[in-house]
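Written below as structure tokens is the structure these notes are about.
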Amino acid sequence: MSRLVPGLRKAAPQFVCLAMILFFNWLAFPGFFDLRIQDGRLFGSLVDVLNRGAPVAILAVGMTAVIASKGVDLSVGAVMAMAGAVAATMTVSGHPLLVVLLSALAVGVACGLLNGLLVAVLELQPIVATLILMVAGRGIAQLITKGVIVTFNDPGLIFVGTGSFLGLPMPVILAAALAIFAVAVVRRTALGLLIESTGVNRSASTYAGINSRLLMVMIYAFSGFCAALAGVIAAADIRGADANNAGLWLELDAILAVVIGGTSLLGGRFSILMSVLGAIIIQAMNTGILTSGFPPEYNLVVKACVIIMILLAQSVSLGAAGWLPRRVPAAKSKEA
Amino acid sequence: MINVLKSIVLGSTFALALAGSVSAASLTVGFSQIGSESGWRAAETSVTKQQAEKRGVDLKFADAQQKQENQIKAIRGFVAQGVDAILVAPVVATGWEAVLQEAKDADIPVILLDRGIDGSPDLYMTMVASDQVLEGKVAGEWLVKQAAGKECNVVELQGTTGSSPAINRKKGFEEAIAGTPTIKIIRSQTGDFTRAKGKEVMEGFLKAESGGKNICALYAHNDDMAVGAIQAIKEAGLKPGTDIKVVSIDAVPDIFKAMADGEANATVELTPNMAGPAFDALEKFKADGTLPPKQIITESKLYTQADDPMKVYEEKKGLGY
């Protein structure tokens, strides 16, 4: 509890932003907070925010770990397309659900391992190393699907994208489970501290006895796993693998979610839950634009303005000038 | 001397005879395709190959992988090989003057497929393309007939903002419903031509229009967005095709499946057979030198549930959509 209070205070700018976005959504569309039960599941714009935000939230969980280690993973969108393509083509050729899911996730882990090897062992710059798979991955996905949208009707796989559990859509459940699991692993063990230390100064951490090479390979593999999970959800949601468009530009949304969540791109302190909150903020904005009835020409401009305001709200110097209710971060302690 | 003359005469008659037979049957045509950016593009490629095979045309195919420099290289290659004609589906509108002039200087007719270019129309023989405004109009006219004077609120899923099909298909639809005040577009958003965005945007429309009860019809600028939106309508507990009518454009196989299931109502075909009219024009030109009009417009055919959608689905499935 004593740790929770400063954590919440630190998260104040993000919560204020989310509240403001939701308020504007409500102004533009008064039914925004309406919820009802439809076919045994909650139905309403708020559920849409969580459901549509789930893939980016899942990507952001993996991306947080990568960025905390002073890296970046640009390949997650392409890995999504590959995992979706593998899941769809294997389902069409009649493999059982468990095999399909494990194979798709294994593809993600393999891609992550490749990224990890390039970054940690061959010492390529992360932005370049993951750019390789960002470009090639989508091509591989197109090869797997032979350039068409592979559609499937397997109820098991469709359930992953559109089913519901306890009244909530499956993607939300999966994203929440993944986030809780990741937070538990990094904060109940020393893993989070090791990641932060590697991100702040890799050679010092190595001299202090951290196997930073293995750690970084594992981090990229985890990011690949998250991307594959998001890819399976995205494919299951539309009952088809669209290699050209699945996960397109989502790597940027994931990075943005992490940044909105307050994790520095220079590595070090990170918070997975705040990144998930960042993903929800982005989606609340997207859903708000869709329900508001603005002409589509305004979408990107509105989005950019909101993002600028969110980032300004987090700005250290504005906070120090006393413009905004934010503490200047003096203590470099870890906070979940 | 006489012998030499004889052989020249013989040789040239032989060559003439050969040339005659060439124009009748075995044309060699180079085809520079953009790449495989979409299912429709893949279908266009396979239909072009089919058409060439049917007519005994020797088709030299070059895939440009979405890059203009590859297309320019391919066209130069075709000119060097001395093909009888070149088909180009230009990836962008600008920057074609030099290479098309080279083809013109070599007396090789160039036919543009599906997309136009900026520049002098003298650089190419003709352009085979669909009329995107007409596509929107056909969809709109279908809806006017369906609504039969009743109130009808339409939601529109636009293509990628600013793209020419999005602008033109919107324009055509609006023109068609302009004379019918009972039909109104109440919401219009971009779904980027993709299934996932089509579904997400439709979810937003349904929420914003009291669970979809205000919506009488959906007009999507392509079938993929309609397929995504159909799922969103189902998840909202409504019947697509009945509670909300669905009309879209392109005629890809999956929309015929939806029509067979009664979940979509109509689609306007953007035919992948651009090469057929191009070869027709070319054969006529080679036979007696008739120049085709500068623009050949393909048919924008309307398909509804009455057109045996399952049969069309089976026909289209193999084309690589």
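The values are calculated or read from the model by the stated rules, or taken from the named source; none is laboratory data. Bear in mind that the values here come from a model prediction, so they are computed numbers and not experimental data. As a convention, Cβ positions derive from the backbone with ideal geometry for all residues, glycine included, and neighbour counts pool all protein chains shown.
Each residue in region A:11-44 was checked for being polar (S, T, N, Q) and at pLDDT below 90, and 2 of them qualify.
Out of the residues in region A:175-229 that are of a type in the set (Ser, Thr, Tyr) and under 20 Å from the mean Cα position of the chain (by Cα), state the one that is surrounded by the fewest Cβ atoms within 10 Å (Cβ to Cβ).
In the first step, residues of region A:175-229 are kept if they are of a type in the set (Ser, Thr, Tyr); the result is A:189, A:197-198, A:203, A:205-207, A:212, A:220, A:223.
The next check asks that each one be under 20 Å from the mean Cα position of the chain (by Cα); those that pass are A:220, A:223.
Values: A:220: 30, A:223: 33.
The extreme case among them is A:220.
Matching residues to (1) away from chain B (no Cβ under 14 Å); (2) assigned to a helix (DSSP H, G or I); (3) within 30 Å of residue B:233 (Cβ to Cβ):
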site	(1), (2), (3)
A:195	yes, yes, no
A:206	yes, yes, no
A:225	yes, yes, no
A:228	yes, yes, yes
A:245	no, no, yes
A:256	yes, yes, no
A:285	no, yes, yes
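Tell me, which helices (runs of 4 or more DSSP H) wholly within region A:1-94 include 1 or more residues that are free of Cβ contacts under 8 Å to residues at least 40 places away in the same chain and within 14 Å of another protein chain (Cβ to nearest Cβ)? Ranges flagged: A:12-28, A:45-68.
For region A:134-160, what are the residues that are in a loop (DSSP other than H, G, I, E, B) and either within 13 Å of another protein chain (Cβ to nearest Cβ) or closer than 21 Å to residue A:72 by Cα (or both)? Give the steps one after another, and end with the answer.
Of the residues in region A:134-160, the ones in a loop (DSSP other than H, G, I, E, B) are A:146-149, A:152-154.
A:146, A:147, A:148, A:149, A:152, A:153, listed by residue number.
Residues B:317, B:311, B:294, B:286: which one is within 14 Å of chain A (Cβ to nearest Cβ), farther than 20 Å from residue B:186 by Cα and charged (D, E, K, R)? Before you say what the answer is, go through the steps one by one.
Details: B:311 fails: within 14 Å of chain A (Cβ to nearest Cβ); B:294 fails: within 14 Å of chain A (Cβ to nearest Cβ); B:286 fails: within 14 Å of chain A (Cβ to nearest Cβ).
Exactly one residue qualifies, and that residue is B:317.
Residue count for region B:209-230, restricted to those that are surrounded by 24 or more Cβ atoms within 10 Å (Cβ to Cβ) and within 11 Å of chain A (Cβ to nearest Cβ): 7.
Of everything listed in (1) under 22 Å from residue B:277 (Cβ atoms); (2) without any contact (Cβ under 8 Å) to a residue 24 or more places away in the chain; (3) of a type in the set (A, V, I, L, M, F, W, C), the single unmet condition for residue B:148 is (1).
Residue B:205: surrounded by 16 or more Cβ atoms within 10 Å (Cβ to Cβ) and within 14 Å of chain A (Cβ to nearest Cβ), yes or no? Step through it out loud before you land on a result.
Numbers: surrounded by 16 or more Cβ atoms within 10 Å (Cβ to Cβ): yes; within 14 Å of chain A (Cβ to nearest Cβ): yes.
When the stated conditions are applied, residue B:205 passes them.
Is there a residue in region A:240-259 that is in contact (Cβ under 8 Å) with a residue 40 or more places away in the chain and touching a strand residue (DSSP E or B) at 6+ places or on another chain (Cβ under 6 Å)? Scanning region A:240-259 turns up at least one residue that is in contact (Cβ under 8 Å) with a residue 40 or more places away in the chain and touching a strand residue (DSSP E or B) at 6+ places or on another chain (Cβ under 6 Å).
Of all residues assigned to region A:120-128, none qualifies as being at pLDDT below 95, more than 18 Å from the chain's Cα centre (by Cα), part of a helix (DSSP H, G or I) and surrounded by fewer than 16 Cβ atoms within 10 Å (Cβ to Cβ). Do we have residue B:207 as outside any helix (DSSP H, G or I) and more than 20 Å from residue B:224 (Cβ to Cβ) here? Considered against the rule, which asks whether it is outside any helix (DSSP H, G or I) and more than 20 Å from residue B:224 (Cβ to Cβ), residue B:207 comes out as no.
Kindly provide the set of residues from region A:285-310 that are hydrophobic (A, V, I, L, M, F, W, C) and surrounded by 15 or more Cβ atoms within 10 Å (Cβ to Cβ), ordered by number. Matches in region A:285-310: A:285, A:289, A:290, A:294, A:302, A:306, A:307, A:310. Considering only residues in region B:78-87 that are touching a residue at least 60 places away in the same chain (Cβ under 8 Å) and either within 10 Å of residue B:34 (Cβ to Cβ) or under 21 Å from the mean Cα position of the chain (by Cα) (or both), the one that is surrounded by the fewest Cβ atoms within 10 Å (Cβ to Cβ) turns out to be B:85.
Kindly evaluate residue B:229 against the criterion of being aliphatic (A, V, I, L, M), in contact with a strand residue (DSSP E or B) (Cβ under 8 Å, 6 or more places away or on another chain), assigned by TED's automatic domain parsing to the domain that holds residue B:193 and in a loop (DSSP other than H, G, I, E, B). Answer is no for this residue. Across region B:233-252, what is the total count of residues that are surrounded by fewer than 24 Cβ atoms within 10 Å (Cβ to Cβ) and within 11 Å of another protein chain (Cβ to nearest Cβ)? So the answer is 5.
Which of the residues belonging to region A:80-116 are small (Gly, Ala, Ser) and either more than 18 Å from residue A:133 (Cα to Cα) or modelled with pLDDT under 95 (or both)? Outline the logic, then answer.
Of all residues in region A:80-116, those small (Gly, Ala, Ser) come to A:81, A:83-85, A:87-88, A:93-94, A:103-104, A:106, A:108, A:110, A:112, A:116.
Scanning region A:80-116 gives A:87, A:88, A:93, A:94, A:103.
For residue B:116, the requirement of being closer than 25 Å to residue B:42 by Cβ, over 23 Å from the mean Cα position of the chain (by Cα) and of a type outside the set (D, E, K, R) is not met.
The rows are residues; the columns are (1) away from chain A (no Cβ under 14 Å); (2) at pLDDT 95 or above; (3) surrounded by 17 or more Cβ atoms within 10 Å (Cβ to Cβ).
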{"position": "B:40", "(1), (2), (3)": "no, no, yes"}
{"position": "B:44", "(1), (2), (3)": "no, no, yes"}
{"position": "B:47", "(1), (2), (3)": "yes, no, yes"}
{"position": "B:64", "(1), (2), (3)": "yes, no, yes"}
{"position": "B:76", "(1), (2), (3)": "yes, yes, no"}
{"position": "B:89", "(1), (2), (3)": "yes, no, yes"}
{"position": "B:94", "(1), (2), (3)": "yes, no, no"}
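Checking every residue in region B:101-113 against the condition of being basic (Lys, Arg) and either closer than 16 Å to residue B:275 by Cα or surrounded by 15 or more Cβ atoms within 10 Å (Cβ to Cβ) (or both) gives at least one match. Filtered by the rule that a residue be within 14 Å of chain A (Cβ to nearest Cβ) and buried (at least 16 other Cβ atoms within 10 Å of the Cβ), region B:25-38 gives B:33, B:34, B:35, B:36, B:38. Going by the conditions given, is residue B:150 modelled with pLDDT under 95, over 30 Å from residue B:292 (Cα atoms) and surrounded by fewer than 24 Cβ atoms within 10 Å (Cβ to Cβ)? Here the answer is yes, as residue B:150 does meet what is asked. In the set (1) more than 14 Å from chain B (Cβ to nearest Cβ); (2) at pLDDT 90 or above; (3) under 26 Å from residue B:189 (Cβ atoms), residue A:309 fails one condition alone, (2). Name the single residue, out of those in region B:149-196 being of a type outside the set (Ser, Thr, Tyr) and touching a Pro at 6+ places or on another chain (Cβ under 7 Å), that is farthest from the other protein chains (Cβ to nearest Cβ). Applying the filter and picking the extreme gives B:159.
When the strands (runs of 3 or more DSSP E) confined to region B:238-321 are screened for residues that are more than 21 Å from the chain's Cα centre (by Cα), those reaching at least 1 such residues are found at B:245-250.
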